[in-house]
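Below is one structure, written out as structure tokens, with a few remarks after it.
The values are calculated or read from the model by the stated rules, or taken from the named source; none is laboratory data. All figures in this text were calculated on a predicted structure; none of them were measured in a lab. Every residue, glycine as well, gets a Cβ built from its backbone with ideal geometry; the counts of neighbours run over all protein chains shown. The accessibility values were calculated without ligands, DNA or RNA, using every heavy atom of the protein model including side chains. Shrake-Rupley method; radii C 1.70, N 1.55, O 1.52, S 1.80 Å.
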Amino acid sequence: MSTALLSVRGLRIGFGPGNRAVDGICLDVDRGEVVALVGESGSGKSVTARAILGLHADGATVEGSIRLDDTELLGVPDAELNRVRGTKAALIFQEPQNALNPVRRIGWQLREAIRAHRRISATAARAAAIDLLTQVEIPEPQRRVDYFPHQLSGGQKQRVAIALALASDPDLLIADEPTTALDVTVQAEILALLDRIRQRTGMGVLLITHNMGVVAQHADRVVVMRGGEIVETGDTHALFDTPEHPYTRSLLAAVPRLPEHGDPASAGFAPQMPVLLEFDAVELTYPARHGRPAFRAIESVSLAVGRGEVLGLVGESGSGKTTLGRIAIGLEPVTGGRVLVDGHDLAAISPRQQRALRRDMAVVQQDPATSLDPRLTVAASIREPLDVHRVGSAAGRRQRVLELLDAVRLPGALAGRFPHQLSGGQRQRVALARALALRPRLLIADEPTSALDVSVQADVLALFIEIQRDFGFACLFISHDLAVVHQVADRVAVLRSGSVIEVGPVDAVFTAPSHPHTRALVDAVPVPHPSHLSILPAQRPPVTV
């Protein structure tokens, strides 16, 4: 018998003839061990994780063996699996907003999870819920146990999702992209929390992620998947130092990196007049309503974006990054200061002039799956801005669509497909082509690559840099990934609580930040190599089981 906590052998998962998502993989997770499962979208990572708990899709065929503590899980009745789920093994989903019930208080959801596996009174269950919130380090747990999910920050919601998974002290924790949507400082806090819980309880962790920096700093072993197969597995240090498979080497090479401290800083881009976009002492206050006090979202922000410049906006959730992007294109009216586009005050010009200016602006959203109309083909989505503004003839618009597809390196054969028939990287390229349809002078890119795998992200970023150089548009590039911003931006502005605390060339800001909060952001970025760990896996405190 295997001594591993989790032992997967010869696992095959199919979805109909000729559609095999997982093809004969084998992997182990020991008690107290963190095993990272990495690979691009469609490699079979999440399908494998869900199959461990019997959560595979209806109609899927699953073969092989999945043993948890030497108990076979594959093929057992649902009633027996239900006794395993939550007690022996638990799953943390990628997006806590979807995992939490929006109309139920946090305490109710925790009590239900606790009472599903234990006979316990309502009073005792509430006390246990507060204790769980304390374990995951939610501030003021006695008060926040009665909050609804929308009253918590993204990091706090993820902590609640972890508390739900820990409600019955599982032996195995499966974490499926648990920090992808989080800011770098919150990500560091969540991962450090998981490390502390693992060390305290001795649970094994199967960590699914595309962030190789997270893998380097938190995993003991790495399993690399591609096309439903395992192409390489090994100790984290060995795999990062001497990757054997070409695909593993390509994954590591695709990881964006911040400059090392002490690297020479380049002069960067200094915007020259005329400035295309200017925030002049901009303020935005949301009025008091429904018993809530007024809220100052943006406070006296002054920034300029020169023609052809890429200005990165970084900061934690709630810092005002996306709000500034919305202000730039007139979707949020300011309550103080001015927003100037090409010298025109957006608040002082007529609606017709505003529409003319907006024709020169475009937006690329974080998730193209939601920003693209699922009922429109690729060609129709790209052509829509041309149709709305009646640009050229019908034949000219069709030709323009083909030119744009070529510009974003997509074959014309995709023009007749719908968004759901494309990969994530292809959808993001379509969104970029659509944004470029009217040849904008200003592009607002709001987290355009955060949902992409590292290799796909590298391709999209390289394409963005090339297109920005060719088209010459100015860009406000919003991201919580500092390494991505360093790769694409000329200058960077750091926001905190609605204020700009630092601005300058990317190399200068990231190698020698002048503000303590900027330093904290830079220090929180996971370095994609385990040698940068302050506590190496071999030096971790012994696990108490």
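Here are a few things to note about the model shown:
- Which numbered condition residue 130 misses (of (1) of a type outside the set (D, E, K, R); (2) within 21 Å of residue 178 (Cβ to Cβ); (3) touching a Pro at 6+ places or on another chain (Cβ under 8 Å); (4) surrounded by fewer than 19 Cβ atoms within 10 Å (Cβ to Cβ)): (2)
- Filtered residue count, segment 338-378, keeping only those that are in a helix (DSSP H, G or I), over 20 Å from residue 324 (Cα atoms) and open to solvent by less than 20 Å² (accessible area, probe 1.4 Å): 2
- Restricting 37, 11 to residues that are at pLDDT 90 or above, in contact with a Lys or Arg (Cβ under 6 Å, 6 or more places away or on another chain), buried (at least 21 other Cβ atoms within 10 Å of the Cβ) and hydrophobic (A, V, I, L, M, F, W, C) narrows the list to 37.
- Looking only at segment 74-100, and only at residues there that are open to solvent by 60 Å² or more (accessible area, probe 1.4 Å) and within 25 Å of the chain's Cα centre (by Cα), the one that is farthest from residue 367 (Cα to Cα): 93
- Of all residues making up segment 357-411, the number that are under 19 Å from residue 443 (Cβ atoms) and hydrophobic (A, V, I, L, M, F, W, C): 16
Here's the yes/no breakdown for (1) touching a Phe, Trp or Tyr at 6+ places or on another chain (Cβ under 8 Å); (2) aliphatic (A, V, I, L, M):
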position	(1), (2)
358	no, no
377	yes, no
392	no, no
400	no, no
420	no, no
444	no, yes
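- Total residues in segment 148-157, condition in a helix (DSSP H, G or I) and closer than 12 Å to residue 106 by Cα: 5
- Listed by first and then second residue, the pairs with beta-carbon distance under 7 Å, at least 6 apart or on different chains, first residue in segment 199-223 and open to solvent by 20 Å² or more (accessible area, probe 1.4 Å), second small (Gly, Ala, Ser), are 221/234.
- Taken residue by residue, segment 137-147 has no member that is assigned to a helix (DSSP H, G or I), touching a residue at least 60 places away in the same chain (Cβ under 8 Å) and more than 24 Å from the chain's Cα centre (by Cα).
- Segment 396-441 - residue that is open to solvent by less than 20 Å² (accessible area, probe 1.4 Å) and part of a loop (DSSP other than H, G, I, E, B) and, of those, farthest from residue 373 (Cα to Cα): 440
- Filtered residues of segment 385-395 (kept if in contact with a Leu (Cβ under 8 Å, 6 or more places away or on another chain) and either of a type in the set (Ser, Thr, Tyr) or open to solvent by less than 70 Å² (accessible area, probe 1.4 Å) (or both)): 385, 386, 391, 392
- Residues that are at pLDDT 90 or above and crowded, with 16+ Cβ neighbours inside 10 Å, drawn from segment 53-73: 62, 64, 66, 67, 68, 73
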